[in-house]
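Everything below concerns the one structure shown next.
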Amino acid sequence: MTRKTDQDRAWELIEEIGLCMLVSHDGNGDQLRARPMSAHAHRDEDAIYFLTDLRSHKDDEIEINENVCLCFGDNGSYKYVSVTGTGNLLDDRDRVAELWSPAARAFWESKDDPNIRVLKVRPTLAEFWDSPGKIVTSVKMAAAAITGSRPDLGSNRKVLL
């Protein structure tokens, strides 16, 4: 039986949650911008991939400052992951085809659209909050409020990826 590490759990949560807010620098200073993105985790490649549009501002921002943050959150289960890493844009048609899904049709007519690019994020650090779920967490919080104790709301770990 193999023992799971905190790194394993961070990657599992990234894959389970799937959607994140991609945070980048605005390119003109210290302002940060966030937008929702669909993540494709590939732990074996030490990468998280996204389909993006060449005409979007985030691509320009990442070209200027490659540092990004990915914020994953599942409010229903009280599970969250924050990933710090670096991003770069790729014109990789094979990867576009691999990542293409019916949901991508909301943004492009086909995977052959010449404006589609792949954003590759290389994660360096993750922090996750992994609770036992909404119901259990709510019960623990109520019990703690009644008893005056601190509730055990699950795991919070920082891990190098």
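Tabulated results
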{"quantity": "Contour excess over end-to-end distance, with Cα ends at D92 and D30 and 0.36 nm allotted per residue", "calculated": "19.3 nm"}
{"quantity": "With 5 Å bins from 0: P(r) over region 1-142, alpha-carbon pairs, percent", "calculated": "2, 9, 18, 20, 18, 14, 9, 5, 3, 1, 0"}
{"quantity": "Neighbour-count ranking [beta-carbon atoms within 10 angstrom, fewest first] of Y49, Y80", "calculated": "Y80, Y49"}
{"quantity": "Sites R105 and M21, calculated FRET efficiency, Cβ-Cβ separation with R0 30 Å, nearest 0.05", "calculated": "0.85"}
{"quantity": "Environment charge of K158, counting only residues whose C-beta is closer than 13 Å and scoring Lys/Arg +1, Asp/Glu -1", "calculated": "-1"}
{"quantity": "Charge sum, other residues only, whose C-beta stays under 11 Å from N115's C-beta, Lys/Arg counted +1 and Asp/Glu -1", "calculated": "-4"}
{"quantity": "Under 12 Å from the Cα of K58 - aspartates and glutamates, other chains or at least 8 residues apart", "calculated": "D26, E66"}
{"quantity": "Segment S155-L54, length gained on full extension (0.36 nm per residue, minus Cα span)", "calculated": "32.5 nm"}
{"quantity": "Simple label model, 7 Å out from Cα along Cβ direction - E66 to T84, nm", "calculated": "1.7"}
{"quantity": "Derived scalar couplings ³J(HN,Hα) [region 111-124; Karplus, 6.51 cos²θ - 1.76 cosθ + 1.60; whole Hz; x for Gly, Pro]", "calculated": "5, 8, 4, x, 8, 6, 10, 9, 9, 10, 10, 9, x, 10"}
{"quantity": "For region 38-55, Karplus couplings with θ = phi - 60° (6.51, -1.76, 1.60), whole Hz, Gly/Pro x", "calculated": "9, 9, 10, 7, 10, 4, 4, 9, 6, 8, 10, 10, 9, 8, 9, 10, 4, 8"}
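Rule-based calculations on the coordinates, nothing more; no lab input. The model shown is predicted, which means the values in this text are computed figures rather than measured ones. Note: ideal-geometry Cβ built from the backbone for every residue, glycine included; neighbour counts use all protein chains shown.
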